[in-house]
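Asker: Here it is, the structure, as structure tokens.
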Amino acid sequence: MELLINLLINGLATGMLIFLLAAGLTLIFGLMDVLNFAHGGLFAWGAFSGVWFYGLTNSFTLAILGAILTGVVLGFITEKLIIKPVYGNHVQQILITLGFMIVLSEMLKVVFGPNQLAAKTPPLLAGSWEIGDVIIIKYRLFIIIIGFIVFGIFQFILKRTKIGLVVRAGVMNKEMVQALGINIKKVFLYVFMAGAALAALSGVLMAPYSGVIYAEMGMEFAILAFIVVVIGGMGSFPGSLLAAILVGLAGSFMAYYVPALSLAVNMMLMAIVLIFRPQGLFTAKG
Amino acid sequence: MKSAFQVNKILLFIIVAALAVFPFVSDSRTWTILLTQIFIFSILAMSYDILLGYTGIVSFGHAMFFGMGAYATAIMLDRFEPTVGIFVLSIVVGMCIAGIISFLVGLLTLRLKSHFFAMLTMAVSGLFLVLAEKWRTLTFGNDGFTFRAPDFFKDRMMYYLLVLGCLVLVYLFLRRFVDSPLGRVLIAVRENEQRTKSLGFQTLHYKVIASVVAGVIASLAGSLYAVSLRFVNTSVLTMDITLDALLMTIIGGVGTLIGPIIGAGVIELAQHYLSGLAKEHPIFERWIIFFGIVYILAVIFFPRGIVGTVKHLFWKRKNPIKLAIAPKRKGLAK
């Protein structure tokens with residue numbers, strides 16, 4: 001039983017981190033029709049800048065805020081310089097965002113050095129609780145809570161505010177929104193910055209979870225996020241949460257029971273979804 | 001037009017002849033090795049051009065076919081006798097594996113839109129990388145293993161000539177392939193897939209054929225690469241290989257076949273010199289940043305690449321409607 005609970009918490013925590021990354025991807029794709037291959041780079045920048053801020057200020061809250069700020073700034077730059085010139089051309093978008101991914105991860109090595117960095121868990125969140133036989137690691141619980149809070153906030157913004165209304169309408173029909181006098185380009189920029197901030201948040205939360213951070217982690221994690229976006233349905237926000245949890249749980253259970261298959265299981269999930277429901281489990285409409 | 005074509009052919013012949021006699025006149029080991037490397041990556045980049053330049057699909061998983069060839073050759077030369085026969089057999093085995101895998105992956109993923117295809121190929125290739133890292137009894141994981149090359153290739157020069165020969169053969173084969181009616185359909189898919197479909201072509205079949213051809217040729221490049229190093233590890237399956245092929249194709253010129261060869265030369269030479277400059281200033285250790293930036297600028301401002309731009313300028317003056325004269329499509333239509 002305690003094993004099951006531990007695996008469950010592990011899977012949920014990983015799932016939440018993937019969700020934060022995938023949520024930005026899926027929103028950007030749904031609204032702007034851009035698949036951002038540089039998303040993993042934003043994630044890695046979030047992790048490195050978070051660790052740097054933490055070393056500087058010794059406050060995890062400030063580290064998270066600093067990482068989010070980095071994400072927002074990088075998101076602004078990416079949208080203005082990289083995405084804007086190639087709106088509407090899919091092949092160019094794919095190529096250019098991948099190119100930017102290279103630049104981002106190499107710049108990491110220039111700024112922070114090419115070696116792995118160790119990331120400490122803040123003392124408040126270190127350690128674990130023991131409830132009976134079950135050992136719950138505090139930090140994992142923290143990640144899960146943050147994940148649900150972020151989901152709640154974004155769901156609220158999307159469903160209850162004017163900007164959320166515009167974004168949802170934009171996902172359905174961009175031209176119509178523009179015809180109604182809304183500057184959709186500006187909305188694109190905000191959504192992109194929000195998505196980049198989520199990626200950076202995911203990165204900074206990931207750092208103490210894995211203990212070490214390195215420049216290539218962006219690419220590794222981005223692949224999981226892509227799988228999640230495919231399974232959950234491009235552009236669907238709740239879909240990406242469910243798919244991320246599914247991928248996280250499948251990964252943690254498989255890693256324990258059939259370690260050899262732990263990555264293959266995600267691929268299999270994706271292959272099954274693609275064969276039977278190529279649009280993903282959830283669709284963006286509605 | 002015909003004479004220009006002849007001139008091109010003669011020019012190519014002269015270049016190939018010059019490259020073939022090069023190792024006899026110069027005994028610089030560095031250059032022989034560097035040129036061998038360039039030829040191998042030219043083969044890889046040309047195979048990538050079939051996908052990106054001629055069919056208009058972006059694959060981020062090309063490294064897996066390269067890696068399959070490299071591992072097939074390395075493992076077979078290591079386990080069996082290091083003879084030329086086994087070497088040839090291993091190339092064939094690698095090509096068959098790559099062909100089967102690219103067929104299956106293509107069938108599953110090519111019906112999807114470009115975004116999904118790029119993502120999925122990236123994920124599948126990531127899967128193969130993990131497989132190679134975990135299956136240590138066969139691949140020795142990230143540490144890799146060395147093996148003995150056939151005695152015949154002990155001489156760097158022989159190997160240089162072999163790779164050059166392969167390059168020329170692959171170039172001629174792919175040139176024939178893209179100029180065939182089948183290749184014309186691929187170009188039509190690139191230009192407008194919907195319209196090609198409405199003309200009665202099963203575009204999925206053509207895309208799968210393109211992906212199999214590209215995969216098989218990439219596997220050949222991988223086999224040659226493994227023997228040139230006499231060592232193989234999981235780096236042959238990493239994203240870096242795909243990125244190299246992508247950079248070479250884009251900077252050289254997509255959809256030209258010659259472009260990727262020139263791109264491979266430019267990138268490999270620049271890589272060689274820039275990493276040499278690392279002693280001067282540490283920023284040159286991260287030379288790939290320069291490529292990243294050049295590549296981004298190329299995608300925005302210079303999408304035709306080196307060869308494409310030259311050709312475009314040339315054509316605009318001489319023969320603006322060349323693409324309109326395509327061979328008649330027949331035989332392959334269903």
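Asker: Which of the following residues is away from every other protein chain (no Cβ under 14 Å), touching a Pro at 6+ places or on another chain (Cβ under 7 Å) and assigned to a helix (DSSP H, G or I): B:87, B:65?
Answerer: Just a single option satisfies the conditions, and that option is B:87.
Asker: Quick one: in segment A:231-260, of everything that is modelled with pLDDT under 80 and exposed (fewer than 15 other Cβ atoms within 10 Å of the Cβ), which residue is farthest from the other protein chains (Cβ to nearest Cβ)?
Answerer: Only one residue tops the list, namely A:259.
Asker: Can I ask one more? Quick one: what pairs do we get from segment A:80-109, first residue within 15 Å of residue B:303 (Cα to Cα) and within 7 Å of chain B (Cβ to nearest Cβ), second of a type in the set (Asp, Glu) and surrounded by 22 or more Cβ atoms within 10 Å (Cβ to Cβ), C-beta under 7 Å, 6+ apart or different chains?
Answerer: none
Asker: Let me ask another. Identify all residues within segment B:100-123 that are part of a helix (DSSP H, G or I) and more than 7 Å from chain A (Cβ to nearest Cβ); write none if there are none.
Answerer: Within segment B:100-123, B:100, B:101, B:102, B:103, B:104, B:105, B:106, B:107, B:109, B:117, B:120, B:121 qualify.
Asker: Can you spot a residue in segment B:36-53 that is part of a helix (DSSP H, G or I), touching a residue at least 12 places away in the same chain (Cβ under 8 Å) and farther than 26 Å from residue B:179 by Cα? First the steps, then the outcome.
Answerer: Just the residues of segment B:36-53 that are part of a helix (DSSP H, G or I), to begin with: B:36-53.
Those left that are additionally touching a residue at least 12 places away in the same chain (Cβ under 8 Å): B:36-53.
Those left that are additionally farther than 26 Å from residue B:179 by Cα: B:36-37.
Yes: segment B:36-53 contains one or more residues that are part of a helix (DSSP H, G or I), touching a residue at least 12 places away in the same chain (Cβ under 8 Å) and farther than 26 Å from residue B:179 by Cα.
Asker: Report yes if residue B:167 is in a helix (DSSP H, G or I), more than 10 Å from chain A (Cβ to nearest Cβ), in contact (Cβ under 8 Å) with a residue 24 or more places away in the chain and crowded, with 21+ Cβ neighbours inside 10 Å, otherwise no.
Answerer: Working: in a helix (DSSP H, G or I): yes; more than 10 Å from chain A (Cβ to nearest Cβ): yes; in contact (Cβ under 8 Å) with a residue 24 or more places away in the chain: yes; crowded, with 21+ Cβ neighbours inside 10 Å: yes.
The answer is yes for residue B:167.
Table: residues versus (1) surrounded by 24 or more Cβ atoms within 10 Å (Cβ to Cβ); (2) polar (S, T, N, Q).
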residue: B:53; (1), (2): yes, no
residue: B:73; (1), (2): yes, yes
residue: B:88; (1), (2): no, no
residue: B:91; (1), (2): no, no
residue: B:98; (1), (2): yes, no
residue: B:107; (1), (2): no, no
residue: B:110; (1), (2): no, no
residue: B:121; (1), (2): yes, yes
residue: B:126; (1), (2): yes, no
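Asker: Condition check: more than 20 Å from the chain's Cα centre (by Cα) and free of Cβ contacts under 8 Å to residues at least 12 places away in the same chain. Does residue B:127 satisfy that?
Answerer: Working: more than 20 Å from the chain's Cα centre (by Cα): yes; free of Cβ contacts under 8 Å to residues at least 12 places away in the same chain: yes.
The answer is yes for residue B:127.
The values are calculated or read from the model by the stated rules, or taken from the named source; none is laboratory data. Because the structure is a prediction, the values reported are computed rather than measured. Please note: Cβ atoms are built from the backbone with ideal geometry, for glycine as well, and neighbour counts cover all protein chains shown.
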